[in-house]
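Reviewing the structure listed below.
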Amino acid sequence: MQGVQIRIRSERYGSWDYGSWTIAAGTLDANSIVYSAGVGEDVSFDLDLIGAYNLTVHAFDPTPRSIEWIKKQQFPEQFIFHPVGIAGFDGTATFHPPKDSSHVSYSLIPHEQQAVSEAVESPVRRLGSVMKELGHEHIDLLKIDIEGAEYDVIQDLIDQELPVRQLLIEFHHRFPEIGVQKTRQAIAVLNSVGYRIFFVSYMGGEISFLKIPQ
């Protein structure tokens, strides 16, 4: 797996046991546009960014358990939740439940031993479509933790030439249905358009990219 490609100062936000992410220092302020795709039942990263920079976070998650959890919480007005998924197409998608019922996140990737009857249909939107709807011409930071759908979103982002400065991605190559080669290919494609890795988690799943002007 590819390691760090550029050395820059970084900052880490979110709960250290589960929901933390590493960002490039000095890249955000109160006017920054931040999208957080896939939040489950942990928005500590999003709330930390709001607290640190007084910015607005647009959060996206279409899964039933996440939506119900969000409804029961009290959030600052800068946290704006959208009950839709980010995907490589606009429409409706079938989300499959996690193998472990104690887990929150559903996935577009069907796993073995999942009950088909527990799958749900939920709305999904392309990143470019969401940006148009929200009136955003660029994204300063995009966090993606969408249980295997990240590969299609990455390709769609590149195909549409969307101006996203910073990408924080959890890659799900640990899923046997995906495999590590798909992550290697995604990194190569991101590198080809100017994204460089400045952080890789210990297990190699969470990777942070900053786009370098070419």
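The values are calculated or read from the model by the stated rules, or taken from the named source; none is laboratory data. Remember, it's a predicted structure, so these values are computed and weren't measured experimentally. Don't worry about glycine lacking a Cβ; one is built from the backbone with ideal geometry, like all the others, and counts go over all protein chains shown.
Checking each residue in region 145-183 for being at pLDDT below 90 and out of contact with any helix residue (DSSP H, G or I) (no Cβ under 8 Å at 6 or more places or on another chain) picks out E147, G148, A149, R174, F175, P176, E177, G179, V180, Q181. Scoring K182 on the criteria (1) touching a residue at least 40 places away in the same chain (Cβ under 8 Å); (2) among the charged types (D, E, K, R); (3) not in a strand (DSSP E or B) leaves a single failure, condition (1). For beta carbons closer than 9 Å, sequence separation of 6+ or different chains, a first residue in region 119-142 that is assigned to a loop (DSSP other than H, G, I, E, B) and a second that is surrounded by fewer than 20 Cβ atoms within 10 Å (Cβ to Cβ) and of a type in the set (D, E, K, R), the qualifying pairs are H138/R165. Based on this model, can you work out whether Q155 counts as more than 16 Å from D61 (Cβ to Cβ), touching a residue at least 12 places away in the same chain (Cβ under 8 Å) and in a strand (DSSP E or B)? The answer is no for Q155.
Among the numbered conditions (1) loosely packed, with under 13 Cβ neighbours inside 10 Å; (2) among the hydroxyl-bearing types (S, T, Y); (3) at pLDDT 95 or above, the only one that T27 does not meet is (1). Only a single criterion out of (1) out of contact with any Gly (no Cβ under 9 Å at 6 or more places or on another chain); (2) within 21 Å of S122 (Cα to Cα) is not satisfied by Q73, namely (2).
Which of the residues that make up region 69-117 are at pLDDT below 60 and assigned to a helix (DSSP H, G or I)? Result: V116, S117. Among the residues that make up region 161-182, is at least one of them small (G, A, S), on the phi > 0 side of the Ramachandran plot and touching a Ser or Thr at 6+ places or on another chain (Cβ under 7 Å)? Within region 161-182 (the criterion being small (G, A, S), on the phi > 0 side of the Ramachandran plot and touching a Ser or Thr at 6+ places or on another chain (Cβ under 7 Å)), the answer is no, since none of the residues qualifies. A single member of I80, I86, I23 is more than 14 Å from the chain's Cα centre (by Cα) and not aromatic (F, W, Y), and it is I80. Per the conditions (1) crowded, with 16+ Cβ neighbours inside 10 Å; (2) at pLDDT 95 or above; (3) within 22 Å of R125 (Cβ to Cβ), the sole criterion not satisfied by S66 is (2). Candidates in region 1-24 are the residues that are in a strand (DSSP E or B) and among the β-branched types (V, I, T); of these, the one that is surrounded by the most Cβ atoms within 10 Å (Cβ to Cβ) is I23.
Hey, could you check region 157-214 for residues that are of a type in the set (G, A, S) and under 19 Å from S36 (Cα atoms) and say which is surrounded by the most Cβ atoms within 10 Å (Cβ to Cβ)? So the residue we want is S208. Please go through region 40-72 and pick out each residue that is free of Cβ contacts under 8 Å to residues at least 24 places away in the same chain and of a type outside the set (A, V, I, L, M, F, W, C). Result: G51, E68, K71, K72.
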